[in-house]
Amino acid sequence: MTFAVVVFPGSNCDHDSYHAVRHVLGHDARFVWHKEASLGNADVVILPGGFSHGDYLRTGAIARFSPVMKAVADFAAAGGPVLGICNGFQILLEAGLLPGAMLRNRDVRFHCEHVGVRVEQTDTPFTARCRQGRVLNIPIAHGEGNYYAPPEVLETLERERRVIFRYATADGRVGPEANPNGSLNNIAGICNEGRNVVGLMPHPERACEPMLGSTDGLLLFESVVDALTAGALGGGR
Amino acid sequence: MSTRAFAPEVLEQHGLTPEEYDRIVELLGREPNLTELGMFSVMWSEHCSYKSSRVHLKTLPTKGARVLQGPGENAGAVDIGDGLAAVFKIESHNHPSFIEPYQGAATGVGGIIRDIFTMGARPIALLDSLRFGPLTDARTRRIVKGVVAGIGGYGNSIGIPTVGGEVMFDESYRGNPLVNVFCLGIAKQNEIIRGQASGPGNPVYYVGAKTGRDGIHGATMASAEFDDRLEEKRPAVQVGDPFMEKLLLEACLELMKTDACVGMQDMGAAGLTCATSETGSRGGVGIEVDVRLVPQRETGMTPYEIMLSESQERMLIIVKRGREAEVEQIFEKWDLHAVKIGEVTADGLLRVRDGGTVVAEIPNLALTDEAPVYRRPIQEPEGMAALRQIPRNGLKPLPSAEEAFLALLEAPTIASKRWIYRQYDHMVRTNTIVLTGLGAAVVRVKGTNRALAMSVDGNGRYVYLDPRQGARLAVAEAARNVACAGGLPIGATNCLNFGNPERPEIMWQFAEAIAGMGEACRALDTPITGGNVSLYNETDGTAILPTPVVGIVGLLEDASKALARVFPAEGLDIVLFGANLGELGGSEYLLTLHGLLRGQPPVLDLERERALQQLLVRLAADGLIRSAQDCAEGGLAVALAECCFDTGGLGAAVDLAPAASDGGVDLVAATLFGESASRVIVSVEPAATAAVLEAAARAGVPAARIGTTGGDRIRIAVEGTTVVDVDVRQAERAWSSAIGRQLDTPVA
């Protein structure tokens, strides 16, 4: 099983995703430079965190023009599993693979801390191993993670059960006290209509080893391995 | 010399004395032109030449079995096993951070990161040592917010975690905050690159951002005091571009995997002048560059401006002849400029051309090794003896122990720094195994079983009251913090923040502090591998507290044995290592509760300190202790609280023997809040307590079981009488919200 980790010049969590997949989980992982037009033989695509092109304009705004993004869109259209983490999520929004946009955090400050992330839906390739309602302990690290979408889009997302993760307290309560950035409906992650493209602001790759304080992030990677092993998904091959 | 080619005002604007000018003429054998004058001015500035500090710095220990690179390079390096080196340094960006807090701090981070990857090391950790004025001051609040945002803005973007540091607040930093940034990277020992040019005929490359007019005379600015003309100095602050630096970092590290690079140096203070003359003089060669070839983002720049610009994110690279295409290809991949601007020569001269015209020609050594060295006059300030007395009649009515305890937890220097560090990405690269907060930060070294512990410390109050003792205490505390995490201290770096060296009282503080630092570094076997001196930290003639900051790096053979500072469980025995002498001189208690900065700082027995640190490292490796927390500002009571905070409300109950003295104030206050050195609170499984106490006795470290963890209250008794009894969560709320509460106060 091969994970492709897309590398933009300002990606900085690329090594962390690679490390989690390769050294913790023991699967093949390879970096794909953003100027490449092909994802090769990837079974899963990860758009990692970072500041893709400096992001002085708007997070992810320039990354969507990179040649690799055409390949990512084709891969997604063919049903291949795509995970956008933090800046990767922002890029998926800018590229139109997921709906909505990111605003600056409510308090206009960067937040780096462990938060509670409640799993809302388990019928995506990245959450199949989770129990619905389980609160994962996963860190966030972002300045623009305040998810926004127009009312009708938000309504569609909720109706189609496409909100996959919400910020919550450790005992599963969703409310303003658990919302680190002001996201509408405490949204931490969503999926596309096909449910194969998932974006989230928290960093599961930072929660894959006991030494780092949590292993809850492993569930996302293990889920997609399960899904692919079961042969339920398409892909770019 | 009777007549000089430049008017006295011109020399003054360049920060050069008439004597220094005459020396330039002597070294050149002629009068310099204006470009040359500018080049001398930046290279002979205090910031670049260390002219006032050098004679003292030479007395510091810089060698040791693990030292791979001592002072004099872009950064120091120590052997951490497995063929790897830890490359690290600390540097100040004080003056720019006061003028423009966000950019000043951001470019401080950018500068030290370049120093590390210039050596061929991948930077993996940043720490900051910050000093600000009181938070009641509106301007200070603005500076704090700007500096924190700037540090985060740069570090977060480039993807190097800010894993720790420390912050203190004091009136003396109101007009002159300190921003000291520490960076550590990992390199293969045999791939360390030095800032040296060699091989006449080898091409000299300029890579990275284009050159603009920003930061001209930044080094000269950093070597002068502030006054009411502050606003005029804003153009001398540079603007940082972390994305550009990220590209530069990746491209340079990719280049170093080839062997096409002879030497590399970043263009920081004094820009192109410094990078060319230092690489040339270290390698004993000459360098010739043509300023017309330098990529420029403004038109009409003069050779003077190009040679002195401090535009950020630029590097000078000396490449092996014949390997140019390979080098250019790597930089092209990262969309960076890599332009050949000159070559190495054999004549030892720095020759600057503007197309066909030679516009400067100076022996490299004249700019570097031949810079003036001053043994400036030293005079102990008057009244030091009186300062070291605590005046009984100056004390306010004594608060109860509990009132004092709660007041200390809210004092900004002691209160939680979470408002600050949550704005820093402290986890990126997934190596951070002891999360930031207090004490040392610990990062694992991927690909090995090891980890590195790092701490930066320096209590300016102690140094003010007794510079020699204060500096010894700074080294001891940084090393103790590292040992508390389980790390064996193996190397040090220093950032020496002082006032105007031309004042004999300041120079006395400096000389005494260096002497003390040397004593402690020798005793604790932590050689100084590099660092930075920041003088002229004064505003309108008032100096900061003398603040030598020490960064210590410690090695853990087994990353899984890293110790946390907090109590991990209930039902553990609490053991205190070290003797409680009841010393309140220079304490946070005296300052916060009585408004006094007086007294004698704590005594320090370096032999005993070393024994304590070695004991901690051994006990951590053997898995005999579960947590360890140093006693620092606020003493034993505050340290105990710090062990209970961030645990979800785990309490502790202790019964203390009275301190050996009342500290000139009060026995209970001295017992709880005295700041005696060489003390650590550890938690131990009850079954292991006897073994721990025995090990301490064998090591000659005083040790006593003082209580147990558990419950939801912090209870402190002295000889059976309870003096503090508070709810952990309530105390923690006060401690964790104090700084945010003050910072979010609207500006009056």
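The values are calculated or read from the model by the stated rules, or taken from the named source; none is laboratory data. In this text, all values refer to a predicted model and were calculated from it rather than measured experimentally. Neighbour counts run over all protein chains shown; Cβ positions are idealised from the backbone, glycine included. Surface accessibility is based on the protein's heavy atoms, side chains included, excluding ligands, DNA and RNA. Shrake-Rupley method; radii C 1.70, N 1.55, O 1.52, S 1.80 Å.
Yes or no: segment A:200-207 includes at least one residue that is within 14 Å of A:Thr124 (Cα to Cα) and out of contact with any Pro (no Cβ under 7 Å at 6 or more places or on another chain).
yes
Given the criteria within 13 Å of chain B (Cβ to nearest Cβ), open to solvent by less than 20 Å² (accessible area, probe 1.4 Å) and in contact with a Ser or Thr (Cβ under 7 Å, 6 or more places away or on another chain), does A:Ser11 qualify?
yes
Test of understanding: among B:Leu581, B:Leu496, B:Leu576, which residue is touching a residue at least 24 places away in the same chain (Cβ under 8 Å), open to solvent by 10 Å² or more (accessible area, probe 1.4 Å) and assigned to a strand (DSSP E or B)?
Just one listed residue meets the conditions, B:Leu576.
Just name the residue that is nearest to the other protein chains (Cβ to nearest Cβ) out of those in segment A:45-61 that are part of a loop (DSSP other than H, G, I, E, B) and under 20 Å from A:Pro125 (Cβ atoms).
Looking at residues that are part of a loop (DSSP other than H, G, I, E, B) and under 20 Å from A:Pro125 (Cβ atoms), I get A:Gly49.
Look at B:Arg376 and say whether it is under 23 Å from B:Pro504 (Cα atoms) and not β-branched (Val, Ile, Thr).
Against the criterion (under 23 Å from B:Pro504 (Cα atoms) and not β-branched (Val, Ile, Thr)), B:Arg376 qualifies.
Looking at segment A:177-208, which of the residues that are farther than 20 Å from A:Asn105 by Cβ and among the polar types (S, T, N, Q) is surrounded by the most Cβ atoms within 10 Å (Cβ to Cβ)?
A:Asn196
For segment A:18-44: of the residues being open to solvent by 70 Å² or more (accessible area, probe 1.4 Å) and more than 11 Å from chain B (Cβ to nearest Cβ), which is farthest from B:Ile158 (Cα to Cα)?
A:Asn41
Take B:Val443 and decide whether it is open to solvent by less than 10 Å² (accessible area, probe 1.4 Å), within 14 Å of chain A (Cβ to nearest Cβ), not in a strand (DSSP E or B) and not aromatic (Phe, Trp, Tyr).
No.
If B:Arg392 satisfies all but one of (1) at pLDDT below 95; (2) closer than 30 Å to B:Leu743 by Cβ; (3) more than 14 Å from chain A (Cβ to nearest Cβ); (4) open to solvent by 40 Å² or more (accessible area, probe 1.4 Å), what's the number of the condition it fails?
(2)
Among the residues that make up segment B:544-562, is at least one of them at pLDDT below 95, surrounded by fewer than 24 Cβ atoms within 10 Å (Cβ to Cβ) and part of a strand (DSSP E or B)?
No, segment B:544-562 contains no residue that is at pLDDT below 95, surrounded by fewer than 24 Cβ atoms within 10 Å (Cβ to Cβ) and part of a strand (DSSP E or B).
Determine if segment B:109-118 includes at least one residue that is in contact with a strand residue (DSSP E or B) (Cβ under 7 Å, 6 or more places away or on another chain) and farther than 25 Å from B:Met427 by Cβ.
Within segment B:109-118, one or more residues are in contact with a strand residue (DSSP E or B) (Cβ under 7 Å, 6 or more places away or on another chain) and farther than 25 Å from B:Met427 by Cβ.
Can you tell me how many residues within segment B:664-687 are part of a loop (DSSP other than H, G, I, E, B), over 21 Å from B:Thr722 (Cβ atoms) and among the small types (Gly, Ala, Ser)?
4
Taking B:Lys51 as the residue in question, decide whether it is in a loop (DSSP other than H, G, I, E, B), touching a residue at least 60 places away in the same chain (Cβ under 8 Å), open to solvent by 30 Å² or more (accessible area, probe 1.4 Å) and among the charged types (D, E, K, R).
No.
Given the condition more than 14 Å from chain B (Cβ to nearest Cβ), open to solvent by less than 10 Å² (accessible area, probe 1.4 Å) and outside any strand (DSSP E or B), answer yes or no: does some residue in segment A:113-124 qualify?
So far as segment A:113-124 goes, yes, one or more of its residues are more than 14 Å from chain B (Cβ to nearest Cβ), open to solvent by less than 10 Å² (accessible area, probe 1.4 Å) and outside any strand (DSSP E or B).
Using beta carbons and a limit of 7 Å, which pairs, at least six apart or on different chains, have the first residue in segment B:246-272 and within 12 Å of chain A (Cβ to nearest Cβ) and touching a residue at least 40 places away in the same chain (Cβ under 8 Å) and the second one among the charged types (D, E, K, R) and surrounded by 20 or more Cβ atoms within 10 Å (Cβ to Cβ)?
B:Leu248/B:Glu313
Inspect segment B:366-379 for any residue being under 27 Å from B:Asp170 (Cα atoms), among the small types (Gly, Ala, Ser) and buried (at least 21 other Cβ atoms within 10 Å of the Cβ) and give the result as yes or no.
no
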